[in-house]
Amino acid sequence: MNQAIIPYPGLRPFTEEEAIFFKGRDTHIKQIITQLQAKKIVIVTGASGAGKSSLIFAGVVPNARAGFFKATFNSWKIVSFRPERSPLHNLSVNLARQLNLDYEEVFNELKFGFSALVNVYKNSDFYFELSQIQDPDKLKELKSKGANLLIIADQFEEFFTNPENFAHGRPSIDAYTTVNLLLETATIALQQNLPIFIIFTMRSDYISDCVAFKGLPEYIGFSQFFVPRLKRNELQQAIEEPAMLAGGSVSKRLSEVLINQIRDSSDPLPILQHTLHQLWLTANYGQEQLDLIHLSKNAGLHVSYLNETDKQIFLAWFEKLPDNEKKYFENPSLSNVLNYHANKLYDNAYLYFLENVPWVKDKTKITRQDTQLIIKKTFLGLTRIDQGRAVRNRITLKEITNLINQPHITYEVVNGVINIFREPGSTFIHPFIDPDQPESYYIPADTVLDITHEALIRNWRLLQKWEHEEEENVNDFLEFKVQLKRWLENNKRKEYLLPLGTLTYFEQWYERCKPNKYWIAKYDNSNLPYEEKLKAAEKLEQNIKLYLQKSRNYIIAQEKKRKAIRTVFAILSLIIILILIGFSSWALHEKRNAEIQRQLAEKKKNEAIAANRKAEQERQRAEMEKKRAELAAQKALLEKRKADSAKNIALKMMKIAEEQRIIAQQQALRALREKQKADSLRKIAELQKIKAIKASKEAQRLTLLSLAQSLSFKATQKYDDPQVNLLLAYYAYLLNKRNGGYKYDAAIYRGLLSAYSLAKNISPLKLDDKTVMDFYMPDLLTVLFQNISGKIFTYDLFENQKKLIHFRRKYQLKTNVSKSLFLNDTLLIAVDVYGNWYLINLNSRTSTVFNYAPAPSDALIFENYLLTASNKTLTLWRISNMTIKKVKNFTFRQRVIKILVDKNVQIFYVVTRYGTIYKLDLDNEKLTKIYKGHNRKLNNMATTADLSPDGTTIAMGHANGLITLIDIENQKIIDKLSVVNSMVKLTKFDFSGEKLITVCPDNTINIFILKKFHEKPITISLGNEKINQLRILPDKIFVLYKKNSLISFYLDPDDYASRIKPLIKRNFTQKEWQQFFGNTIAKFDIVK
Amino acid sequence: MEEHLVANINAFLATTSSDAIKFFNELIGVLYHAQISYRFIPENESIERFKHKTNELLNLTNCSIHIIGDKYEPVEALGMSKPEFQYYQALKHLKNNNEYRIFIWRPAHYKDLPKDKKQREFIFNILNNINENIIYSTHQSPIMLVEDIRSIMVSQIPAKFDVKETEIYLIFNEIDEQPALTIKDLLSDVASVETTSISLSSDIDYDNFIVQQIKKSVLPVIYFKKATTWANYFIKEIWRKTGGLSSKKTFLLIGDESNPENKNINFSAPNVQKIITSEELIPLEIKVALDNIKNKVQV
């Protein structure tokens, strides 16, 4: 573990860098953050030493930077300042630094108070108005550029404790402006929801002073966080967890003792942290578990509380301590740890000065007493009494030197002496020494010094003693001033000089205190600037000396006068005395006799005492013999220990050998791991390579597919040589096929169709001059059709001949045909304009009128029956020798659009306009609804339907261009697809059931492959020519369009390709290849 | 907040010496008013019954309270005083029940150590053998003791999140989301990866969730490209929340060298591996770090 890590900071607060060791406060940190997020300002109050500053700098700030404090921008600008003597300047300096602005400009702006701070922030490079930004990328960019602003006014009570900020119950303009700025900023931030947050930390005993700032008490009521005392489990965390984080540990018994002891302390947390810091050092930087013995070694626990083993260790250690340190162990307690530490530093200060202060060349002039005086004056300068409370007082190095006021004690000397209290292990006086910054050892004379924490004032007994003396000195000084003032006000009359007793008292005070002008100025509580205070103090110093001198002179003069009178009295007294002497001599003689008797008695007594003494001496001699025997025993013990030591050394040598063996092992292991790492890297590299190859192949495949598409498109263009079209279409087909392209790719199909049509000069076949109403194809080569005038023809496609079918007797078609429906190759229904239905038999060449109704939307013939659908009626007819008889009518609520039957002619379905499907049981003449349509809206209505060859699916077309596929058995929609923005006119399955063909009013035919229903279909566009009818044969569709023309298309691109190939007579030339393929692939030929 | 859990405290009040009876009686009154249930053995029980009842009550409770006075008062049949006997029984019970708590109260009224040597030894024994489940207090008043008991016995269970076992747990700031997701995609081929994007505008309580997810991960990785400052603070907070050096978890802090600021990232700890490297090598380094951890586990 790193020796330099100390997870306890000591007396000072945790810094941001030490946040990782700040434990026990997670709940409080979260509470403050929640409050800040809601209210934008939090005033953190608490007793001295409650941990306010640590909570903010080591708690809230790191959490904010780590992203646990949610605000607008991704980063934070932390403006932290202390009021000290010039709050507005301090705020401006830190704000300008954080926002990269000029200090002067910021200061001049902030002087106006109110919204000035908000304006400075908003005009900086770190604020962006995000509410208008729509583009998410831009928003993200600005969020990362901007920064939220957190302003921390630490040690807020300095607004009240520093006379520059607050005097005679009133704040200075500077102080008032600063507080106004901060409060207004909080108000505006809340109103406008700006990412600005403000924290004050303040001692709670200054809350009542806050009334001096307008609005501040209200804010305290609005958003205050009073730092609570830590609960037991939180204290335990604060004690044990930092050690764990740093790789050490704290014993539970130590933890319990500390918890119990700090509860009685007035500065629990600073004392605790300081103690733990010391224990960590004593435990060899945490290499040993922190335990009770370490506390004892720091004078924090009496040795009697230790177990036997630890007791012995402690006693042996204690024996070696210097005598002057032993006295600090007389009253061990937790607060005594700090006392002991401070005293050790005080005792060692002279030695430290001699060894560590290179800038003072001649150290011989400085004595130990001088160093002690310097320390005393320094700490007295750094403290003062304020309304009965011991508080810190910030003072410069120069001011301390002036207070000492001795010519050989310069400020360099003072710097060197007090450095022992600034070292990292001590940190009693701020600024601290940073060993990484050598310049921090020597500080300029105007550096402001400060005590780290008031806990030092309350727990260092020597300092308390000095404070007490100082307090007495100050009280005496104040008393003296009253007397002096009276004398000065009365023209320095002798009646107001000091009497002897009082004079002696004040002369002792003067000798003790040695008040110089700096000391006097320190206790000047007026509002005057320091220079003027000093002048007044100088005058007062002179007056003090004069007053004392005058008083003394007066007393001496009075004394002389009294002496003369006393001489006269003396002579008279002598005569009286002589007379009295005579009498006295006689009395003396008698007294002498009595004395001799007494002396005899005394002699006897002394003899008895001498005898006693002798006996005592014998006893002591025996005692010494005993001690000698003990010494011999101790010597024997020492010898034993030496032998043990030798044994330990041998063990250590063994251990070293073992360690070396382990190191060698570890190195071997390391080498193995390096090899494994290399293997791992190699595997990953291989994986990467495979992935790259795959990716490259895929890219190539996609390139070729894309080329195929491009060739297809080019195949639809006109070239001088039709062979080019054929070649383009065929190569497109080949590339698509060879590279796993979609077989029914629309572009490939179009290219093939176009090239083939061009090569074969395919054009539509005009069946008749008149409009053809319907057609039927019994086979691939025969077309049956009826024209508008009712004539029926056959057309032989092979012979390219049309033949009229004559009837034996003219069937009475009175008008043109309004609708024609071929039922099969023998029967058809023709409807004239009046609505008469004719059943025409092409074999017998007869016809029968069997109905009078609007033209059927659909009709179906099976066995001897005929089903027709007309409007909302489905009619079953029986046919017998051209006699047609109505069997039954089925009436529906909606129009019937389609009658469907399976290939075995067993199951019948009826589809209505709403999309509802009924199953028709002809045997029982019963209809059952098997699927309920929900297409009542006009544009949703079903327009067409077809049944799949396997009888499982009905494809339904709708007026809004939708096609739905319905599973008959489960009675639910399997799939749906929107084809066009207009009606689906016709929908039919092909013979295999794999394709679905639709016709739309825009005269396009779409061929869907059901397995890839949502892929782009093959589309055949017939331009502006209306499609009247469509018939599907096994591998072709025939389309009746242009009123009387017929055209056919293959359903499968393979069919086109196989027909194109024989038509290709040549290969691409090199030039053509370059033109169409470029350098994508190497040329290959298809014609050998 | 703590009221609904007070009912779960069930205390065994150990017998105390005659000089501490008044503290015993005060404590009963406070426990009653704090609505904490308690049991104790009456004065006049036989020794056999006393022994039997002690063990029985220890089994029926979830904590014991022992008030230590100045007098020892040994009982011949026990070989020691009653309080001392019950204390040792409580220690034995603790060995079998890790959730049990023992509260020792030496009231502040007793400023010095007892004159009775045996009692002194008993107290030293207690002090020198305190462990995780023993709490030693010197409070002035039983109210303070009961406040401590409540705060220790009422444990605040943090919200449990639905976290998954994973090999790599990738955490990044939302401004680095794009490159981070690319890294995730590449790593997903070779290891299981969970991710969390830290967004300041989100409502998610990240710190508890992340701590729990880290516990279920083999290798937590903090990735950064632009969010250097965030990464520097984030790793500190997360390292601290997961136990720092005392945790066995190895963290990987990995940054993209294309941002020159990333070289300034300054946090270091023995269980945090820090790498700044080119974008292409980042997934590789993460995989290597993961393999090293797995190999260590196997070895």
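Taking other residues whose beta carbon is less than 13 angstrom from the beta carbon of B:Ala11, and scoring Lys, Arg as +1 and Asp, Glu as -1, yields +2.
Can you grab the distance from the C-alpha centre of segment A:1015-1050 to the C-alpha centre of segment A:509-560, Å, no decimals? Using only Cα atoms, the two centres lie 124 Å from each other. Computed over the alpha-carbon atoms, segment A:512-582 gives an Rg to Rh ratio of 1.48, Rh here being the Kirkwood radius from the mean inverse distance.
Starting from the 7 Å offset along Cα-to-Cβ, what nm value, one decimal, do you get for the label separation of A:Gln700 and A:Gln1070? For A:Gln700 paired with A:Gln1070, the spin-label model returns 2.4 nm. If you add up the charges near A:Leu540, with Lys and Arg at +1 and Asp and Glu at -1, over every other residue whose beta carbon is less than 11 angstrom from its beta carbon, what do you get? Charge balance near A:Leu540 sits at +4. Need one word for segment B:3-153: rounded, prolate or oblate. Basis is the Cα gyration tensor (sqrt eigenvalues a ≥ b ≥ c); a/c below 1.5 gives rounded, then a/b vs b/c decides. Here segment B:3-153 falls in the rounded category. Protection proxy ranking of A:827-839, B:47-59, A:701-713, by the mean of other Cβ atoms within 10 Å over each peptide's residues and highest first, is A:827-839, A:701-713, B:47-59.
Fully extending the segment from A:Phe862 to A:Lys465 would add 130.4 nm, taking 0.36 nm per residue of separation and subtracting the current Cα-Cα distance. For the protein assembly as shown, the Kirkwood estimate of the hydrodynamic radius, built from every pair of different alpha carbons, is 43.8 Å. Between the helical axis of A:746-760 and the dominant principal axis of chain A, each derived from Cα atoms, what acute angle in degrees is found, rounded to the nearest 10? Compared with the principal axis, the helix lies near 30 degrees. Largest first, the residues A:Val474, A:Val93 sort by 1.4 Å accessible area into A:Val93, A:Val474. Between the Cα long axis of helix A:136-145 and the first principal axis of chain A there is an angle of about 10°, rounded to the nearest 10. In chain A, Cα pairs under 8 Å separated by at least six residues give a relative contact order of 5 percent. Here the simple spin-label model places points 7 Å from the Cα toward Cβ, and for B:Glu132 and A:Tyr442 these points are separated by 5.4 nm.
Peptide A:52-64 has a mean shielding of 1, counted as Cβ atoms of other protein chains within 10 Å of each residue's Cβ.
Computed from Cα atoms, the angle from the helix B:282-298 axis to the main principal axis of chain B rounds to 40 degrees.
All Cα-Cα distances of segment A:216-362, cut into 5 Å bins from zero to the largest, leave 2, 8, 16, 18, 16, 13, 9, 7, 5, 4, 2, 1, 0 percent in each bin in turn.
Seen from A:Ile400, the other residues with C-beta closer than 13 Å to its C-beta sum to a net charge of +1, counting Lys and Arg as +1 and Asp and Glu as -1. Classify segment A:25-229 as rounded, prolate or oblate, taking a ≥ b ≥ c as the square roots of the eigenvalues of its Cα gyration tensor: rounded when a/c is under 1.5, otherwise prolate if a/b is larger than b/c and oblate if not. Verdict is oblate for segment A:25-229.
Calculate what fraction, in whole %, of the accessible area of chain B sits on carbon and sulfur atoms when a 1.4 Å probe is rolled over the protein chains. Taking all protein chains in place, chain B shows 49 percent carbon and sulfur surface. Counts of other chain beta carbons within 10 angstrom of each beta carbon in peptide A:253-261 average 4.
Does chain B classify as rounded, prolate or oblate by the C-alpha gyration tensor (a ≥ b ≥ c root eigenvalues; a/c under 1.5 gives rounded; else a/b over b/c gives prolate, otherwise oblate)? Taking the square roots of the gyration eigenvalues as a ≥ b ≥ c, chain B is prolate. Segment A:Leu130..A:Glu288, full-extension length gain: 51.4 nm, with 0.36 nm per residue of separation and the alpha-carbon distance subtracted. Normalised by residue count, segment B:99-159 yields a Cα convex hull volume of 88 Å³ per residue.
For segment B:166-298, relative contact order (Cα pairs under 8 Å, six or more residues apart, normalised by length) works out to 26 percent. Look at the stretch A:67-77: the mean tally of other chain Cβ atoms within 10 Å of its residues' Cβ atoms is 6.
In percent, rounded to a whole number, the relative contact order of segment A:624-778 is 17, using alpha-carbon pairs under 8 Å and six or more apart.
The slack between A:Ser1021 and A:Glu616, meaning 0.36 nm per residue of separation minus the straight C-alpha distance, is 131.9 nm.
For the Cα trace of segment A:470-658, dividing Rg by the Kirkwood Rh returns an Rg/Rh value of 1.41.
When you count the other C-beta atoms within 10 angstrom of each residue and take the mean per peptide, B:113-120, A:139-146 line up highest first as A:139-146, B:113-120. Placing R0 at 22 angstrom, the Cβ-Cβ distance between A:Arg562 and A:Glu507 gives a FRET efficiency of 0.65 after rounding to 0.05.
The values are calculated or read from the model by the stated rules, or taken from the named source; none is laboratory data. The structure presented is a predicted model; accordingly, all values stated were derived computationally and were not measured. Backbone-built Cβ (ideal geometry, glycine too); neighbour counts: all protein chains shown. To get the accessible areas, we keep the full protein, side chains included, count just its heavy atoms, and leave off ligands, DNA and RNA. Shrake-Rupley method; radii C 1.70, N 1.55, O 1.52, S 1.80 Å.
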